[in-house]
1. Can you tell me which residue among 56, 68 is loosely packed, with under 13 Cβ neighbours inside 10 Å and within 16 Å of residue 96 (Cα to Cα)?
2. Which of the residues that make up the range 1-38 are surrounded by fewer than 12 Cβ atoms within 10 Å (Cβ to Cβ), modelled with pLDDT under 90 and within 22 Å of residue 96 (Cα to Cα)?
3. In the range 22-96, which helices (runs of 4 or more DSSP H) lie fully inside it and hold 3 or more residues that are among the hydrophobic types (A, V, I, L, M, F, W, C), out of contact with any strand residue (DSSP E or B) (no Cβ under 7 Å at 6 or more places or on another chain) and under 30 Å from residue 9 (Cβ atoms)?
4. In this structure, is residue 87 exposed (fewer than 11 other Cβ atoms within 10 Å of the Cβ) and either in contact with a Phe, Trp or Tyr (Cβ under 9 Å, 6 or more places away or on another chain) or at pLDDT 90 or above (or both)?
5. Against the conditions (1) surrounded by fewer than 17 Cβ atoms within 10 Å (Cβ to Cβ); (2) among the small types (Gly, Ala, Ser); (3) over 13 Å from the mean Cα position of the chain (by Cα), where does residue 97 fall short? Just the number, please.
Amino acid sequence: MSTPPDAEIQALLRDLWERHLPSLVERIGVLERTAGEAALGAIPEESRAEAQSVAHKLAGNLGMFGHHQAGEIASRIEQTLKAPTPETLAELVPAVASLRQCLDGHL
């Protein structure tokens, strides 16, 4: 008896998710460090650029794995980091915390 195609796809996605977990956790750590820098008042350009790139990758990857809400949060973080202002940087810490909370139980 063969496995239905949907079940095969789900199994492949679970396997991919498991293999990408270490880099996913590392990327969230980058965003948390950058949010910490923002909370202190300034983000060095190198940190901002790295975090923006990481948020962009997360936005795409999370959606592919069915974590649409987390992907949307990552996309908002990316937009914040594209053109940060003191007002938007103040939203970075809660946004990153919200991203982590969305993924709790999946990491």
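The values are calculated or read from the model by the stated rules, or taken from the named source; none is laboratory data. Treat the numbers as computed from the prediction; the structure is a model and nothing was measured. Cβ placement follows ideal geometry from the backbone for every residue including glycine, while neighbour counts extend to all protein chains displayed.
1. Numbers: 56 fails: loosely packed, with under 13 Cβ neighbours inside 10 Å.
Answer to the check: 68.
2. 18
3. On the way: elements: 45-64, 68-82, 86-89.
Per the criteria, 45-64, 68-82.
4. On the way: exposed (fewer than 11 other Cβ atoms within 10 Å of the Cβ): yes; either in contact with a Phe, Trp or Tyr (Cβ under 9 Å, 6 or more places away or on another chain) or at pLDDT 90 or above (or both): no.
Answer is no for this residue.
5. Residue 97 satisfies every listed condition except (3).
Results for (1) touching a residue at least 12 places away in the same chain (Cβ under 8 Å); (2) under 17 Å from residue 78 (Cβ atoms); (3) under 12 Å from the mean Cα position of the chain (by Cα), shown as yes or no for each residue.
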residue	(1), (2), (3)
8	no, no, no
18	no, no, no
27	yes, yes, yes
45	no, yes, no
66	yes, no, no
